[in-house]
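Report on the following structure.
The values are calculated or read from the model by the stated rules, or taken from the named source; none is laboratory data. Given the structure is predicted, the values throughout are model-derived calculations rather than measurements. Cβ placement follows ideal geometry from the backbone for every residue including glycine, while neighbour counts extend to all protein chains displayed. Side chains are part of the model used for accessible areas, which takes the heavy atoms of the whole protein and leaves out ligands, DNA and RNA. Shrake-Rupley method; radii C 1.70, N 1.55, O 1.52, S 1.80 Å.
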Amino acid sequence: MLEAQAFPSATQQFVSREAICAVFGETYDPVSWQDWRWQMRHRLHRLDQFEKLLSLTPAERVGLTMASQRFAVAVTPHFAALMDSEDPNCPIRKQVIPREEELVAAPGDLVDPCGEDQHMVVEGLVHRYPDRVLLLAQDACAAYCRYCTRSRLVAQGDLNALPKRLEAILDYLRAHPEVRDVLISGGDPLLFSDDRLDALLSAVRSVPSVEFVRLGSRVPGFLPQRITPELAAVLRKHRVWLSLHFSHPRELTPEVAAACDTLADAGIPLGSQTVLLASVNDDANTLRELFTGLLKLRVRPYYLYQCDPVLGTSHLRTSIAKGLEIMGQLRGFTTGYAVPTYVVDAPGGGGKIPLQPPSVVAHEGETWILRNWAGKLYTYQDPPQA
Ligand SMILES: *Cc1c(COP(=O)(O)O)cnc(C)c1O
């Protein structure tokens, strides 16, 4: 059996399920709580709702009134129940409750930090790399990450619904047989009904040159109730891979563990992506706990992202030096499978650039001086050149 996470600790005061239901004038019912459509209908959006659950700071109050006009706020009851009601530095709260700092434009902040719009070949299809594309499924997510790299599009109501766009996307794929990999990502594809998802995946799979299909989703973390055996069967039918998104070990709840089990038992290969966030997960112990916790759920940490310079997110970002220092405390110190690739998605549209602490100390002719994980130096001799 999977172990439940050891929380709450004595000092933490988590928002109770009863209190969340009371916001809607309802009493807690465990059966409704496990229903993903109930969860979606009971998402928290407004200041007056959060006020009943959290001791809000002045900055959070301004965020909930002002910043929420720029980028939508929504939190599922499942995720809200992981928030500490008293601690404004709660790593769960920081991810989904807007703050006044979102109104700050720092030097280098960009509306489209990864330059996706310039590589948008048809509406909702980004073609940057030689053999693969990013397909934006829709404009809604289960909850909204305050550091969303796509906040210019997500929940803004400008992206046409997929049925309107799909023919043009399929025409593009058919005209570009070099595209063998389709990544379907946020707005979140796992919010589609099973039938709509099945239809989308069938359409993408109908293009003969498409070999590899993967979905990016934060639904397993925000809304684990959505991961039903029926959904897993649709994913299995189309032989997709799934990239999940987690920021903090507290997110690995028993419900999330059950969702990952359902997916892994259906044979869906599971990866995970994490964004490095200031005072949420920017220390080696927190990330080691997250990454080794994911391995226990059969999820392979894939990428650790340097936070994109999205307009209004400088308070959530940390330096590349800090990221490199953390990577140096992971590699070699724990299971290799638990160490993701640390990447910067280059501002301006250069794509993902991997970073790691320098391990080549010197190189002359056939001799390489290399630094190992513990900081010791070793020499490797290349074979003699012909
Ligand atoms: C991240 C990304 C991909 C996929 O990149 P991988 O390194 O293969 O995971 C494809 N297209 C775009 C635009 C991306 O941002």
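Within the set of pairs 6 or more residues apart or between chains, which connect a residue that is without any contact (Cβ under 8 Å) to a residue 60 or more places away in the chain inside segment 302-327 to a residue that is buried (at least 18 other Cβ atoms within 10 Å of the Cβ) and part of a helix (DSSP H, G or I) with Cβ atoms less than 8 Å apart? Note: pairs meeting the criteria are Leu304/Leu287; Leu304/Gly323; Leu304/Met327; Gln306/Gly323; Ile326/Leu287. I'm trying to understand the selection: among the residues of segment 225-244, which are within 15 Å of Val256 (Cα to Cα), open to solvent by 10 Å² or more (accessible area, probe 1.4 Å) and touching a helix residue (DSSP H, G or I) at 6+ places or on another chain (Cβ under 9 Å)? If the condition is that a residue be within 15 Å of Val256 (Cα to Cα), open to solvent by 10 Å² or more (accessible area, probe 1.4 Å) and touching a helix residue (DSSP H, G or I) at 6+ places or on another chain (Cβ under 9 Å), then Gln225, Ile227, Thr228, Pro229 are the ones that fit. For the residues Ala137, Ala143, the requirement of being more than 16 Å from the ligand (Cβ to nearest atom) and either in contact with a strand residue (DSSP E or B) (Cβ under 6 Å, 6 or more places away or on another chain) or open to solvent by 10 Å² or more (accessible area, probe 1.4 Å) (or both) singles out Ala143.
Any idea which residue in segment 105-134 is nearest to the ligand (Cβ to nearest atom), counting only those that are of a type outside the set (D, E, K, R), in contact with a strand residue (DSSP E or B) (Cβ under 9 Å, 6 or more places away or on another chain) and assigned to a loop (DSSP other than H, G, I, E, B)? Residue satisfying both the conditions and the ranking: Cys114. Only one entry in Gly157, Gly187 is modelled with pLDDT under 95 and within 16 Å of the ligand (Cβ to nearest atom), namely Gly187. Of note, Thr292 satisfies the criterion of being β-branched (Val, Ile, Thr), open to solvent by 20 Å² or more (accessible area, probe 1.4 Å) and either away from the ligand (no atom under 15 Å from the Cβ) or modelled with pLDDT of 95 or more (or both).
State whether the residues of segment 248-257 include one that is modelled with pLDDT of 95 or more and open to solvent by 40 Å² or more (accessible area, probe 1.4 Å).
Here is the first cut: in segment 248-257, the ones modelled with pLDDT of 95 or more are 248-257.
Applying the additional criterion that residues be open to solvent by 40 Å² or more (accessible area, probe 1.4 Å) yields 254-255.
Yes: one or more hits.
If the condition is being surrounded by 20 or more Cβ atoms within 10 Å (Cβ to Cβ) and small (Gly, Ala, Ser), then segment 258-280 contributes Ala259, Ser272.
Of the residues making up segment 238-263, those that are among the hydroxyl-bearing types (Ser, Thr, Tyr) and either more than 17 Å from the chain's Cα centre (by Cα) or closer than 26 Å to Gln306 by Cβ (or both) are Ser243, Ser247, Thr262.
Among the residues making up segment 327-372, those that are part of a loop (DSSP other than H, G, I, E, B) and in contact with a helix residue (DSSP H, G or I) (Cβ under 8 Å, 6 or more places away or on another chain) are Gln329, Leu330, Phe333, Thr335, Val339, Pro340, Gly349, Gln356, Pro357.
Which count do you get for residues in segment 97-131 that are in contact with a His (Cβ under 9 Å, 6 or more places away or on another chain), closer than 30 Å to Glu51 by Cβ and surrounded by fewer than 17 Cβ atoms within 10 Å (Cβ to Cβ)? So the answer is 2.
Annotation note: of Arg152, Arg196, Arg205, Arg180, the sole residue that is within 27 Å of Asp35 (Cβ to Cβ), open to solvent by 10 Å² or more (accessible area, probe 1.4 Å) and either within 16 Å of the ligand (Cβ to nearest atom) or of a type in the set (Lys, Arg) (or both) is Arg196.
With a requirement of 2 or more residues that are farther than 17 Å from Ser272 by Cβ, the helices (runs of 4 or more DSSP H) lying completely within segment 143-235 that satisfy it span 162-175, 194-205. A Cβ distance below 7 Å, combined with a sequence gap of six or more or placement on separate chains, defines the contacts here; from segment 337-350, residues that are closer than 16 Å to Asp109 by Cα reach residues that are within 13 Å of the ligand (Cβ to nearest atom) and of a type in the set (Asp, Glu) in the pairs Asp345/Asp308.
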